[in-house]
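Below is one structure, written out as structure tokens; comments come after it.
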């Protein structure tokens, strides 16, 4: 399977992150590569453990900054596990990429329609 998903730059703040967790993140995010094909992309992923003094336990924050063809997509999520936060961040960024792709296709269709009309009416 060809993986064109970019190298992920991991940043880890105040947490222990296993290689297994990094692999899970890479695997989940690899599904996004369909949105950018051959476009250059850079992905920064931050794992942060937030200790909450008012509540028991920790909160885990995941932030993603994904730059595709010079456009920046950013999402973050907090949850009681890194895995769950990764899922939330992935679906958030996927919505953003999806709506961006929709906008691009609409623009292209509009442009193609205009060209067709110009050809019919001789410009």
Seminar exercise, completed: Mean-square fluctuation maximum in Gaussian network of the chain, Cα pairs under 10 Å, restricted to 33, 87, 19, hits 19
Exercise. Distance in nm between label sites at residue 76 and residue 96, each 7 Å beyond Cα in the beta-carbon direction?
Worked result: 1.2
Problem set entry | Antiparallel DSSP beta bridges within the chain, percent to nearest 5 | 75
Exercise. What's the FRET efficiency of residue 7 with residue 52 using the Cβ-Cβ distance as r and R₀ = 35 Å, to the nearest 0.05?
Worked result: 0.65
Exercise. To the nearest 500 deg cm²/dmol, what mean residue ellipticity at 222 nm is calculated for the chain from DSSP H runs of n ≥ 4 alone, each contributing -39,500 (n - 2.57), summed and divided by the residues?
Worked result: -14500 deg cm²/dmol
Problem set entry | Euclidean distance between Cα centres, the stretch 59-123 to the stretch 6-31, Å | 21
For this session: Taking the chain as the reference, fit the longest principal axis to its C-alpha atoms, fit the long axis of helix 19-30 to the helix C-alpha atoms, and give the angle between the two in degrees, 0 to 90, nearest 10.
Result: 20
Exercise. Pick from 15, 41, 25: which residue has the top mean-square fluctuation in a GNM of the chain where Cα pairs under 10 Å get a spring?
Worked result: 15
Problem set entry | Cα→Cβ-extended label distance, 7 Å offset, between residue 84 and residue 42, nm | 3.3
Exercise. Say we join alpha carbon atoms closer than 10 Å with springs in a Gaussian network model of the chain; which of 67, 105, 48 then has the biggest fluctuation?
Worked result: 105
Seminar exercise, completed: For the pair residue 107 and residue 120, the simple spin-label estimate (label points 7 Å beyond Cα toward Cβ) gives in nm 2.5
Problem set entry | Fraction in percent of alpha-carbon pairs per bin - 10 Å, the chain | 12, 37, 24, 13, 8, 4, 2, 0
Seminar exercise, completed: Between the Cα axis of helix 82-120 and the main Cα principal axis of the chain, the angle (0 to 90°, nearest 10) is 10
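Quick note: the coordinates plus some simple rules give every number you see, no bench work behind them. For clarity, every value in this text was computed on a predicted model and none was experimentally measured. Because the Cβ atoms are built from the backbone with ideal geometry, glycine has one as well, and the counts that use them run over all protein chains shown.
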